[in-house]
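Input: a single structure, listed below in structure tokens.
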Amino acid sequence: MWQSYTNGLAITAGLIIALGAQNAFVLAQSLRREHHLPVALLCIVCDALLISAGVFGLATLLLQSELLLGIARWGGAAFLIWYGSQALRRACRPAGLQTETGASRSLRAVLLATLAVTMLNPHVYLDTVLLIGSLGAQQPVPSAYAAGAASASMLWFLCLAFGAAWLAPWLARPLTWRIIDLVVAAMMFTIAWQLIASPL
């Protein structure tokens, strides 16, 4: 159970802790203290729903077909290797996280913008539903994996929401992102090896 939980935590952490529109948006809201907690909570809920849909929906399909399970296994391993390679490339040329400033908006406007940044981003479906879901379907305890994945999302967004003022100077430094990307690459390669080496 704990291995499944840890795998879910590590995979999701590696995917979510990267430069991207959603992270930049949440960090910007947190720095301005503009409805930052509702924004973080909405991102957490969206991720948990998408992760659950991927893990439990794909789990049923994959367990019914060894062919689909094999495709998910090797496809997931290939994606993790590719993603780890991209993280290594970013580590060679790191950039700081940039945020935008602007006039205050209503809670409704901010939440709608959060939904747009989250749900209209095709990467969220590739990452949470397809990749995290297909990998979770192959875990010994898919529910523990889903809990680990959701925990990583929750910890990251709460960290951005509550620690933005402290994190901002660090996240603006390219060296910080170089270290993060190196850790992400190590996690992705390790989990890819687990997928390849484990028996079907």
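Data table
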| item | result |
| --- | --- |
| Restricting the range 73-98 to residues that are of a type in the set (S, T, N, Q) and under 22 Å from TRP156 (Cα atoms), the residue that is modelled with the lowest pLDDT | GLN98 |
| Among the residues listed as ALA165, ALA161, the single one being within 18 Å of GLU34 (Cβ to Cβ), open to solvent by 40 Å² or more (accessible area, probe 1.4 Å) and either acidic (Asp, Glu) or assigned to a helix (DSSP H, G or I) (or both) | ALA165 |
| Which numbered condition GLY70 misses (of (1) in a helix (DSSP H, G or I); (2) modelled with pLDDT under 75) | (2) |
| Residue match in the range 178-192 (condition: more than 24 Å from GLY76 (Cβ to Cβ) and open to solvent by 60 Å² or more (accessible area, probe 1.4 Å)) | yes |
| Matching residues in the range 148-158 - criterion: being surrounded by fewer than 20 Cβ atoms within 10 Å (Cβ to Cβ) and of a type in the set (A, V, I, L, M, F, W, C) | MET154, LEU155, LEU158 |
| Criterion (in a helix (DSSP H, G or I), open to solvent by 50 Å² or more (accessible area, probe 1.4 Å), farther than 28 Å from ARG93 by Cα and at pLDDT below 80) met by exactly one of LEU126, LEU130 | LEU130 |
| Residue within the range 99-116 that is assigned to a loop (DSSP other than H, G, I, E, B) and at pLDDT 75 or above present | yes |
| Residues located in the range 21-40, provided they are under 15 Å from the mean Cα position of the chain (by Cα) and open to solvent by 40 Å² or more (accessible area, probe 1.4 Å) | ALA21 |
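The values are calculated or read from the model by the stated rules, or taken from the named source; none is laboratory data. Computed from a predicted structure; not experimentally measured. Please note: Cβ atoms are built from the backbone with ideal geometry, for glycine as well, and neighbour counts cover all protein chains shown. Remember, those area values only see protein heavy atoms, side chains included, never the ligands or the DNA or RNA. Shrake-Rupley method; radii C 1.70, N 1.55, O 1.52, S 1.80 Å.
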